[in-house]
């Protein structure tokens, strides 16, 4: 985690791909973020980098949050590179949006162009990485071909949430809404990173995908498949839970797990033959006025 002691500095939490990551931090007075990321058993035993990468950047008050969770494609060349590179690009792009659009379609074409531009730049960097000099000649040839034709690939889920009252939220959007709006969110994804948006504890919107990893971003080919975008004006916001496919086996159960239970479940999944990297990013919003009102009535 990078968290500057300057009160005007943003809060940044991110995955360390070289080791397992567990961090929980307050974002302002009403929001918390928890990031847990474990590498698969093979990567742990062989000290290999994880393929998952997540990053979240929040303004000091926690009223505008940009985030991205990427899962590098293991069959590509250094999928961990694409995950790290693209997540940084997407979060930076989201942060710089002057305000979130009411219609997500306005972001599709500009992001298509950006994805292809970032791919060209990333591929140039990837080509500069040296293949291990002690690799057998045949292995070198296969790796060079893989790097050139497929490049490094990743799937992703990214988004930005602006809460009402933040300078970034665009006051006009909230003022002219047909009904009170607590937050505006825009979410974009390609491939099988899943998310659950809790408007309330009982009202849940499923975002992202669980099965289809054919939609992906490649340093050698740019955007492969379709990009999905959703813009939501939210009457309330309780929680956003994002997770990679290594945790799909837990399904809806994931949201109910406390820290100790989540750790136990993840360790159990690591013992399975087909274990994979696992990352969960959990953002929760608290409403002290409502909570105190409930306590007063008891």
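The values are calculated or read from the model by the stated rules, or taken from the named source; none is laboratory data. Predicted model, so just to flag it, every value in this text is computed and none were measured. Virtual Cβ from ideal backbone geometry, glycine too; neighbours counted across all protein chains shown.
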Counting only residues that are touching a residue at least 40 places away in the same chain (Cβ under 8 Å) and out of contact with any helix residue (DSSP H, G or I) (no Cβ under 9 Å at 6 or more places or on another chain), the range 96-118 contains a total of 7
Only one of (1) farther than 18 Å from residue 152 by Cβ; (2) at pLDDT below 95; (3) surrounded by 15 or more Cβ atoms within 10 Å (Cβ to Cβ) does not apply to residue 58, and that is (2)
Could you count how many residues in the range 25-60 are touching a helix residue (DSSP H, G or I) at 6+ places or on another chain (Cβ under 9 Å) and either part of a strand (DSSP E or B) or closer than 25 Å to residue 95 by Cβ (or both)? 14
What are the residues in the range 198-249 that are out of contact with any strand residue (DSSP E or B) (no Cβ under 7 Å at 6 or more places or on another chain) and surrounded by 15 or more Cβ atoms within 10 Å (Cβ to Cβ), if any? 219, 220, 221, 222, 236, 249
Taking only the range 255-279 into account, find how many residues are within 18 Å of residue 69 (Cα to Cα) and touching a helix residue (DSSP H, G or I) at 6+ places or on another chain (Cβ under 6 Å). 3
Residue list for the range 264-297, filter: modelled with pLDDT under 95 and assigned to a helix (DSSP H, G or I): 288, 289, 290, 291, 292, 293, 294, 295, 296, 297
Take the conditions modelled with pLDDT under 95, over 14 Å from the mean Cα position of the chain (by Cα) and within 26 Å of residue 23 (Cβ to Cβ) and apply them to residue 251. Does it pass? yes
Tally time: how many residues in the range 103-147 are part of a loop (DSSP other than H, G, I, E, B) and surrounded by 16 or more Cβ atoms within 10 Å (Cβ to Cβ)? 1
Restricting the range 78-98 to residues that are touching a strand residue (DSSP E or B) at 6+ places or on another chain (Cβ under 8 Å) and not in a helix (DSSP H, G or I), the one surrounded by the most Cβ atoms within 10 Å (Cβ to Cβ) turns out to be 78
Looking only at the range 195-237, count how many residues are assigned to a strand (DSSP E or B) and either touching a residue at least 60 places away in the same chain (Cβ under 8 Å) or under 16 Å from residue 251 (Cα atoms) (or both). 19
Counting only residues that are part of a strand (DSSP E or B) and within 22 Å of residue 243 (Cβ to Cβ), how many does the range 61-76 have? 8
Looking at the structure I just gave you, is residue 50 surrounded by 14 or more Cβ atoms within 10 Å (Cβ to Cβ) and at positive phi? no
Of (1) over 15 Å from the mean Cα position of the chain (by Cα); (2) more than 26 Å from residue 231 (Cβ to Cβ), residue 31 fails just (2)
Sole exception among (1) at pLDDT 95 or above; (2) assigned to a loop (DSSP other than H, G, I, E, B); (3) surrounded by fewer than 23 Cβ atoms within 10 Å (Cβ to Cβ) for residue 12, by number: (2)
